[in-house]
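Okay, so here's the structure we're looking at.
The values are calculated or read from the model by the stated rules, or taken from the named source; none is laboratory data. Just so it is clear, the structure is predicted and the values come from calculations on it, not from any experiment. Positions of Cβ are backbone-derived with ideal geometry, glycine not excepted, and every protein chain shown enters the neighbour counts.
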Amino acid sequence: MGRLADRTALITGASRGIGRAIAERYAVEGANVFLTATNHEKLEETRKLVVGHGVHAHCHVADVSEPSSAEAMVNAALAWRGGLDILVNNAGIHIPKPLLDYALDDLDRIMRVNVHAVFQLTQLAIRHMLTRGVGKIVNIASTAGKWESPNQAIYNMSKHAVVGLTRCAALEFADKGININAVCPGIVEGGMFDLEKLAASYGATKEQVQKAVVSRVPMGRLVTLEEVAHLAVYLGSAESDGMTGQTITISGGMRMG
Ligand SMILES: NC(=O)c1ccc[n+]([C@@H]2O[C@H](COP(=O)([O-])OP(=O)(O)OC[C@H]3O[C@@H](n4cnc5c(N)ncnc54)[C@H](OP(=O)(O)O)[C@@H]3O)[C@@H](O)[C@H]2O)c1
């Protein structure tokens, strides 16, 4: 029996990166996974990966930044296996720019995916979880949700909002059987931070950028997708029943408190 045996989890942003890694670890631990993102082909790749672990998996294409699509997605997830035990709010976007180069459209775009969708999905999931008296919400925030970073002010604003929502929602539903926590990764190998693109923008090599980034990490390496996924398993499982409103940093020791 896995640590998430027979649970049903809705995972946003499951088409690649951290979301795909979470989907796979959840499947290994016995969860049935409702996988969503906008890229159907990539979602299908995730589905093929996870069904190999003997669980049920379903792909649903939706843009979470569109409220009507997000609501239809949750309804489809609830109908799929008759309920939802875990919501993993993982989908997110990152548009790096110096502060003065941002347009208000950038603010709108990032906030709609990273904040509005997380808020809406959290509300919808809680309404359902209240009817059962149990549920887990795992938000993938970031170290950018707790501290400052250069050239990504809007991203940091959005992740600070996710951290704030995590704490407030956790407080309101702490005595209702609903645990709401966040994972705050540092820079993750294989995720959205494309070191090659970053290197090109600085006129440097990927190796130079990797070295500069890693030099800030006490462990001397980046965190892996699987390490983040393990934490998401813990927060989705009964092992974390006594924990809510926490925003747990996983960063190889970068930022210790
Ligand atoms: N990678 C890191 O170093 C790092 C560090 C800290 C926090 N995080 C956070 O971890 C989460 C996952 O990051 P990642 O590195 O795995 O990023 P990624 O590789 O870029 O994946 C992002 C996922 O979000 C989905 N997505 C984006 N916009 C969407 C939308 N409008 N509707 C539905 N799905 C959407 C993407 O799917 P489609 O393209 O198919 O829609 C994709 O599956 C994000 O919230 C990110 O902020 C990442």
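Only one of G252, G186, G145 is within 14 Å of the ligand (Cβ to nearest atom), modelled with pLDDT of 95 or more and at positive phi; which?
On the way: G186 fails: at positive phi; G145 fails: at positive phi.
Going through G252, G186, G145 in turn, the sole match is G252.
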In the list N39, N75, N32, which residue meets the criterion of being under 18 Å from the mean Cα position of the chain (by Cα) and surrounded by fewer than 16 Cβ atoms within 10 Å (Cβ to Cβ)? N39
Close pairs from region 33-51: first farther than 17 Å from W80 by Cβ, partner assigned to a helix (DSSP H, G or I), Cβ under 7 Å, at least 6 apart: L49/E24
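Yes/no matrix, rows are residues, columns are (1) closer than 22 Å to G253 by Cα; (2) at pLDDT below 90; (3) of a type in the set (K, R):
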residue	(1), (2), (3)
R167	no, no, yes
A182	yes, no, no
M192	yes, no, no
K197	no, yes, yes
S201	no, yes, no
Q208	yes, no, no
R216	yes, no, yes
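Tell me, please, whether a residue that is under 23 Å from H40 (Cβ atoms) and not hydroxyl-bearing (S, T, Y) can be found in region 98-106.
Taking region 98-106 as the starting set, the residues that turn out to be under 23 Å from H40 (Cβ atoms) are none.
No, that holds for no residue.
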Using the structure shown, decide if D6 is farther than 18 Å from I180 by Cβ, of a type in the set (D, E) and touching a strand residue (DSSP E or B) at 6+ places or on another chain (Cβ under 8 Å). yes
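Please indicate, with yes or no, whether at least one residue in region 148-157 is in contact (Cβ under 8 Å) with a residue 60 or more places away in the chain, touching a helix residue (DSSP H, G or I) at 6+ places or on another chain (Cβ under 9 Å) and either among the β-branched types (V, I, T) or more than 26 Å from N75 (Cα to Cα) (or both). Talk me through it step by step, then tell me what you get.
Let us first name the residues in region 148-157 that are in contact (Cβ under 8 Å) with a residue 60 or more places away in the chain, namely 155.
With touching a helix residue (DSSP H, G or I) at 6+ places or on another chain (Cβ under 9 Å) added as a condition, the list becomes 155.
After this cut, where a residue has to be either among the β-branched types (V, I, T) or more than 26 Å from N75 (Cα to Cα) (or both) as well, the list is 155.
Yes, because at least one residue in region 148-157 is in contact (Cβ under 8 Å) with a residue 60 or more places away in the chain, touching a helix residue (DSSP H, G or I) at 6+ places or on another chain (Cβ under 9 Å) and either among the β-branched types (V, I, T) or more than 26 Å from N75 (Cα to Cα) (or both).
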Quick check on N114: is it out of contact with any Gly (no Cβ under 6 Å at 6 or more places or on another chain) and either touching a residue at least 24 places away in the same chain (Cβ under 8 Å) or not aromatic (F, W, Y) (or both)? no
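Assess whether I126 counts as being among the aliphatic types (A, V, I, L, M), within 13 Å of the ligand (Cβ to nearest atom) and surrounded by 15 or more Cβ atoms within 10 Å (Cβ to Cβ). Break it down into steps so the answer makes sense when it comes.
On the way: among the aliphatic types (A, V, I, L, M): yes; within 13 Å of the ligand (Cβ to nearest atom): no; surrounded by 15 or more Cβ atoms within 10 Å (Cβ to Cβ): yes.
Spelling it out, it is not the case that I126 is among the aliphatic types (A, V, I, L, M), within 13 Å of the ligand (Cβ to nearest atom) and surrounded by 15 or more Cβ atoms within 10 Å (Cβ to Cβ).
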Scan region 172-200 for residues that are in contact (Cβ under 8 Å) with a residue 12 or more places away in the chain and not aliphatic (A, V, I, L, M) and jot them down. F173, K176, G177, N179, N181, C184, P185, G186, E189, G190, G191, F193
